[in-house]
1. Give me the residue from the range 124-169 that is in contact (Cβ under 8 Å) with a residue 60 or more places away in the chain and polar (S, T, N, Q) and, out of that set, surrounded by the most Cβ atoms within 10 Å (Cβ to Cβ).
2. Only one of Ala255, Ala277, Ala244 is modelled with pLDDT of 90 or more, within 25 Å of Val149 (Cβ to Cβ) and out of contact with any Asp or Glu (no Cβ under 9 Å at 6 or more places or on another chain). Can you tell me which?
3. Take the range 272-329 and flag every residue that is under 20 Å from Leu247 (Cα atoms) and outside any helix (DSSP H, G or I).
4. Output the number of residues of the range 258-271 satisfying the condition of being open to solvent by 70 Å² or more (accessible area, probe 1.4 Å) and in a helix (DSSP H, G or I).
5. As an exercise: evaluate Ala130 against (1) closer than 30 Å to Leu374 by Cα; (2) at pLDDT below 90; (3) of a type in the set (Gly, Ala, Ser) and give the number of the one condition it does not meet.
6. Out of the residues in the range 170-195 that are among the polar types (S, T, N, Q) and closer than 18 Å to Pro139 by Cα, which is surrounded by the most Cβ atoms within 10 Å (Cβ to Cβ)?
7. Can you confirm whether the range 289-309 contains a residue that is within 25 Å of the chain's Cα centre (by Cα) and free of Cβ contacts under 8 Å to residues at least 40 places away in the same chain?
8. Kindly provide the set of residues from the range 327-368 that are within 16 Å of Val175 (Cα to Cα) and loosely packed, with under 14 Cβ neighbours inside 10 Å, ordered by number.
Amino acid sequence: LTDASPDLMRHLLSTVINSLLSAEADAVCGAEYGIASPERVNSRNGYRHRELDTRIGTIDVAIPKLRSGSYFPEWLLERRKRAEAALVSVVATCYLLGVSTRRMDKLVQSLGITSLSKSQVSRMAADLDAQVAAFRTRPLGESGPFTFVAADALTMKVREQGRVVNAVVLVATGVNADGHREVLGVKVATSETKQAWNAFFADMVARGLTGTLLVTSDAHAGLVDAIAANLPGASWQRCRTHYAANLMAVCPKSAWPAIKTVLHSVYDQVDAAAVHAQFDKLLDSVSRSLPAVAAHLDDARADLLAFTGFPQQIWRQIWSNNPNERLNKEIRRRTDVVGIFPDRDAVIRLVGAVLAEQHDEWTEGRRYFALDILAKARETARTTTMSADLPQLETAA
């Protein structure tokens with residue numbers, strides 16, 4: 001985070017340090033700032049500013065002043081000397097692993113601060129909300145068109161009205177005009193319904209999602225309908241990994257190893273014609289002995305082999321949702337630290353921060369697709385569309 005965005009890291013560090021100082025000053029006073037309490041023994045009286053040198057630069061620290069006596073954060077600063085006191089690692093951990101009361105207590109106890117209240121922790125974490133909101137609502141038109149898009153959903157546990165319930169996090173990624181991957185959107189919904197997916201895609205379209213030729217996802221009916229409704233010019237690629245699990249459900253257990261082997265061989269072909277020929281062989285081999293399997297394969301053919309309409313060099317990246325599954329694992333690695341989220345805002349805060357971090361890495365990393373491959377993909381799709389329209393034009397004439 002320090003290397004990718006030093007300004008962001010300095011801002012986060014300054015924000016959390018000042019929040020911790022304010023929380024400790026409230027503890028010394030016996031009550032939070034601005035709250036009338038019979039337990040109050042002192043009052044706040046402005047701030048005095050000190051500069052703190054850190055490995056990411058110098059930041060301004062606002063030390064609370066008291067009306068009687070004095071307060072000085074010995075855990076942060078030595079008197080008349082500026083020091084880092086290892087808070088860079090604390091802030092980075094809070095930012096990347098999620099901020100919860102339990103986690104925050106463990107992190108700051110080593111610095112001599114105890115008993116942070118939930119409201120204090122929430123205020124610290126809420127400072128990240130504006131940054132995550134800006135990332136989630138940013139315009140997409142400047143970096144488009146997004147030729148290839150992938151969508152998936154994750155389930156998180158959230159505490160609502162005294163109960164622990166499941167909430168669904170909808171995530172979409174895409175390849176921009178420069179060949180880099182981007183995180184296009186993230187949304188928390190009650191369940192994975194057609195309405196939720198439709199609102200999710202409609203929001204991305206409103207923010208500038210255009211030029212999409214292929215969307216890769218599983219076969220959730222609501223998701224497929226939302227793709228068709230909001231991206232009418234895009235084809236749908238049914239994820240080959242999810243489809244294999246769907247096909248296995250209708251296939252006899254004894255026959256599955258052989259069918260799985262032949263199905264995998266479909267994807268090993270060198271060009272589109274060979275892929276379709278091998279798929280025909282698979283259909284012929286099961287049409288008599290396993291008619292249900294043959295019908296399942298035949299129904300899924302167009303969506304399962306949509307990738308063949310694009311250059312062979314990028315088939316591996318577009319024929320399944322595996323790239324997004326790897327992103328999901330990274331999200332899970334961070335969210336497992338929290339376990340049960342206190343509310344949906346906390347889910348958005350952490351997942352949004354993780355996705356923003358990944359987005360920055362993709363933007364500054366190597367291209368996901370070469371520019372010539374992207375241009376070829378768009379040209380191939382345009383040629384295919386024109387060829388498909390030609391017989392209709394002749395008939396009309």
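The values are calculated or read from the model by the stated rules, or taken from the named source; none is laboratory data. Note that the structure is predicted; figures quoted are calculated from it, not measured. Glycine gets a Cβ as well: all are built from the backbone with ideal geometry, and neighbour counts include every protein chain shown. Keep in mind that these areas ignore ligands, DNA and RNA; they rest on the heavy atoms of the full protein, side chains included. Shrake-Rupley method; radii C 1.70, N 1.55, O 1.52, S 1.80 Å.
1. Step by step, filter the range 124-169, then rank; the result is Thr147.
2. From the options Ala255, Ala277, Ala244, the qualifying one is Ala244.
3. Ser287, Arg288, Ser289, Leu290, Leu305, Trp319, Ser320, Asn321
4. Total meeting the criteria: 3.
5. With respect to (1) closer than 30 Å to Leu374 by Cα; (2) at pLDDT below 90; (3) of a type in the set (Gly, Ala, Ser), Ala130 is out only on (1).
6. In this case the residue turns out to be Thr173.
7. No, because not a single residue in the range 289-309 is within 25 Å of the chain's Cα centre (by Cα) and free of Cβ contacts under 8 Å to residues at least 40 places away in the same chain.
8. Selection gives Glu361, Glu364, Gly365, Arg366.
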